[in-house]
Amino acid sequence: MSGSFTFGELPPPPSPEVIEELRGYEIAWISDTMELHLMDHRIRPIHPRLSRIVGPAVTVTVPPGDFVMISAALKTARPGDVLVVDARGDMSRAVWGEYFSGWAQGLGVAAIVIDGASRDVEGIEALGFPVFARATIPRKPTIGGHGEINVPVSCGGVCVIPGDIVVADREGVIVIPARHLERLLPLLRATAERERSHNGMPAGGRAEYEAFFEKSFAPRVAAARREQIIAITFAYGIQIIVNQP
């Protein structure tokens, strides 16, 4: 990275009502709705003491293993924001730890997501501050000072733009593009309704499963079987009559 110091602007946050609504949606439901923007599964919570977090992204890029611009990003963060750090996936040095988790918590920051490493797991867990990272390592960061704040970044293989909504819990991290939020909300509500009602077919015993299978999967299994028979026919030149339903 060159010696750049870019400070972008944060868009207004979504309403508290929208944040609370999204908090009620499982990450799997959001992923099913979008099928995009799910971070690399190796970016995980570094301790289990957390609930689902939802908040707009404050983005930061830093050179591998460097910390300085992350401290500057905290100055721009609002209560409820999530720091998203593009640390280039470097795991040789920790760019976050207990001391700044305490500062972030005091400033009302909801969480930090790092495509890189953190340290001080026990101290951070005692604080209860949510930290998601690619790895943990005790080695301290460098203090070179270059970086950019509130610009588009890549974190966990996902492009994150300042103000995008980050949803994270023990299952992983997903990003909802703010520019698509209004269009996605009705789709998310529909997905949540289907999941909560189990499509009107709650789990049960043998009879219930037979009915569920016939409704949901029997036609697909039959279609797959027909495709397999056709494939065998072409492969071996065997004349097979397939009874169509």
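Computed from backbone phi, the HN-Hα couplings of the range 187-197 come to 5, 5, 4, 5, 4, 4, 5, 5, 5, 5, 8 Hz, rounded to whole numbers (Karplus: 6.51 cos²θ - 1.76 cosθ + 1.60, θ = phi - 60°; Gly and Pro given as x).
Considering only protein heavy atoms, with the full assembly of protein chains and a 1.4 angstrom probe, order W103, W29, W96 by accessible area, largest first. Provide the component values of the computation, followed by the final result.
Numbers: W103 130, W29 30, W96 10 Å².
Of W103, W29, W96, the descending order of accessible area is W103, W29, W96.
In this structure, R196 and R170 have a Cβ-Cβ separation that, at R0 = 22 Å, corresponds to a calculated FRET efficiency of about 0.65.
Only protein atoms count toward the accessible area here, which uses a 1.4 Å probe; on the chain, the carbon and sulfur part of that area reaches 56 percent.
Can you tell me what share of the DSSP beta bridges in the chain is antiparallel? A percent to the nearest 5 is fine. Antiparallel: roughly 45 percent of the beta bridges in the chain.
Solvent-accessible surface of protein heavy atoms, probed at 1.4 angstrom with all chains present, puts I46, I174 in the order I46, I174, largest first.
In this structure the chain gives 54 Å² per residue of accessible area when probed at 1.4 Å with all protein chains present. Remark: the chain carries a charge dipole of roughly 380 debye about the Cα centre, counting +1 on each Lys and Arg Cβ and -1 on each Asp and Glu Cβ. Figure note: M91, M34, M69 ranked by solvent-accessible area, largest first, 1.4 Å probe, ligands and nucleic acids not counted: M91, M34, M69.
Taken one residue at a time, the phi angles of the range 134-145 give Karplus couplings (6.51, -1.76, 1.60, θ = phi - 60°) of 6, 6, 10, 7, x, 5, 6, x, 8, 10, x, x Hz. Gly and Pro are set to x. Here V121 and S154 are evaluated by their C-beta separation; at R0 = 41 Å the FRET efficiency comes out at 0.95. Using alpha-carbon positions, what is the distance between the centroids of the range 38-78 and the range 181-202, in Å? Here the two parts' Cα centres lie 29 Å apart.
Taking 0.36 nm per residue of separation and subtracting the Cα-Cα distance, what length does fully extending R206 through R88 add? Mind showing how you got there, number by number?
Numbers: separation 118, 0.36 × 118 = 42.48 nm, distance 5.06 nm.
Here the segment from R206 to R88 would lengthen by 37.4 nm.
The values are calculated or read from the model by the stated rules, or taken from the named source; none is laboratory data. Just so it is clear, the model here is predicted, and its values are computed rather than measured. Neighbour counts run over all protein chains shown; Cβ positions are idealised from the backbone, glycine included. Surface accessibility is based on the protein's heavy atoms, side chains included, excluding ligands, DNA and RNA. Shrake-Rupley method; radii C 1.70, N 1.55, O 1.52, S 1.80 Å.
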